[in-house]
Structure formats: C-alpha cells, structure tokens
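For reference, the structure is listed below as structure tokens.
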Amino acid sequence: MSAKAVKFAVNAAKMGVKSALNGSKFSANSSASLVEKPAGGYPWREKLEKHKEELSKGVWGYWHLGSWKPLAISARHRARVRKEVLLAGEDWPYDPPRKEMRSKRKGHKCDRISAEKRAKTAELMKKMPEMLLKYKKMVFVGQDIS
C-alpha cells in the first residue's frame with residue numbers, strides 16, 4: 001500500500017469513516033496494522049537491490065561497445081522506486097549531477113547595454129564645454145594639448 005493510501009486510512013480511522021475499499025468501518029487497531037512495517041521489510045529495498053546495477057549505469061541508458069543500450073528498468077518504474085525511496089527518507093544517489101545555470105543572457109546586446117550608453121553620453125555631455133575649449137585652443141592657437 002502506498003504512503004498516500006496509508007495516510008488516508010489513518011485519517012479515515014480517526015474520523016470513523018467507512019472504508020472505500022471494503023465498506024467496513026476502520027478501527028484504531030485496523031489502521032495501526034496498516035502503518036506497521038511489512039513483515040518482509042520495505043518493498044522498495046528489494047526493488048532497489050534488484051536494479052542497483054542498472055540504476056548506476058545512468059538515467060536513460062549507456063553506451064556499450066559503440067552502441068546505445070537502454071536501461072532494463074523503464075523510466076516509469078525507475079521513477080516509482082525513486083519516489084518510494086525518497087518518501088522513506090533515504091538518499092537517492094542515482095540522479096545525474098545538475099548542470100550550472102546558464103550565465104550567458106539571451107537577447108540582443110544593444111538592448112541590454114543601451115541604458116549604460118545613455119548614462120555615458122550624459123556624462124560626456126557635461127564635459128563637452130571643456131572638450132570644445134581644448135579643441136579650439138589646439139586648432140586655432142596651434143598648441144599641443146595633452
């Protein structure tokens with residue numbers, strides 16, 4: 001029984017609601033038996049041991065002697081085992097490492113830097129009278145201004 005069904009059964013027992021499964025009322029004793037650990041251990045542990053070698057080969061498949069081999073366990077069953085393991089609070093080491101976030105921004109460069117250009121132009125316009133004065137002195141007087 002899944003964790004969701006167990007949670008539902010416990011909540012239903014607390015409220016005294018009839019079971020949707022068999023029509024009988026839940027009692028505190030019957031719901032407690034649902035929450036207990038199964039006799040043979042956790043079922044996901046068996047599945048994990050069975051597919052441990054396959055899961056370590058990759059998420060989608062692997063290259064073997066120059067040809068692509070899909071995993072023996074389907075993506076749906078892999079996801080189900082992963083979910084059961086994570087719900088039990090265990091670690092799932094078979095996920096691939098996450099890539100870094102993209103640092104290069106999309107869009108046109110001119111759109112991104114137009115505000116910076118306008119700010120620079122405003123600063124240069126403040127300096128314009130001094131620059132013109134230097135230019136006039138250089139051209140008309142013939143002095144070398146540095």
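Across segment 82-101, a minimum of one residue is classified as farther than 30 Å from Leu48 by Cα, modelled with pLDDT of 85 or more, out of contact with any Asp or Glu (no Cβ under 6 Å at 6 or more places or on another chain) and not β-branched (Val, Ile, Thr). Summed over segment 80-108, the residues that are surrounded by fewer than 11 Cβ atoms within 10 Å (Cβ to Cβ) and either of a type in the set (S, T, N, Q) or not in a loop (DSSP other than H, G, I, E, B) (or both) give a count of 1.
Would you be able to say whether some residue in segment 66-73 is assigned by TED's automatic domain parsing to the domain that holds Leu48, under 34 Å from the mean Cα position of the chain (by Cα) and more than 30 Å from Arg45 (Cα to Cα)? Yes, because at least one residue in segment 66-73 is assigned by TED's automatic domain parsing to the domain that holds Leu48, under 34 Å from the mean Cα position of the chain (by Cα) and more than 30 Å from Arg45 (Cα to Cα). Residue pairs whose Cβ atoms lie under 6 Å apart, separated by 6 or more positions or on different chains, with the first residue in segment 83-102 and under 12 Å from Arg45 (Cα atoms) and the second in a loop (DSSP other than H, G, I, E, B) and at pLDDT 85 or above, are Val85/Trp92; Leu86/Trp92.
The one condition from (1) surrounded by 11 or more Cβ atoms within 10 Å (Cβ to Cβ); (2) free of Cβ contacts under 8 Å to residues at least 24 places away in the same chain; (3) in contact with a helix residue (DSSP H, G or I) (Cβ under 9 Å, 6 or more places away or on another chain) that Lys69 does not meet is (3).
The values are calculated or read from the model by the stated rules, or taken from the named source; none is laboratory data. Treat the numbers as computed from the prediction; the structure is a model and nothing was measured. Note: ideal-geometry Cβ built from the backbone for every residue, glycine included; neighbour counts use all protein chains shown.
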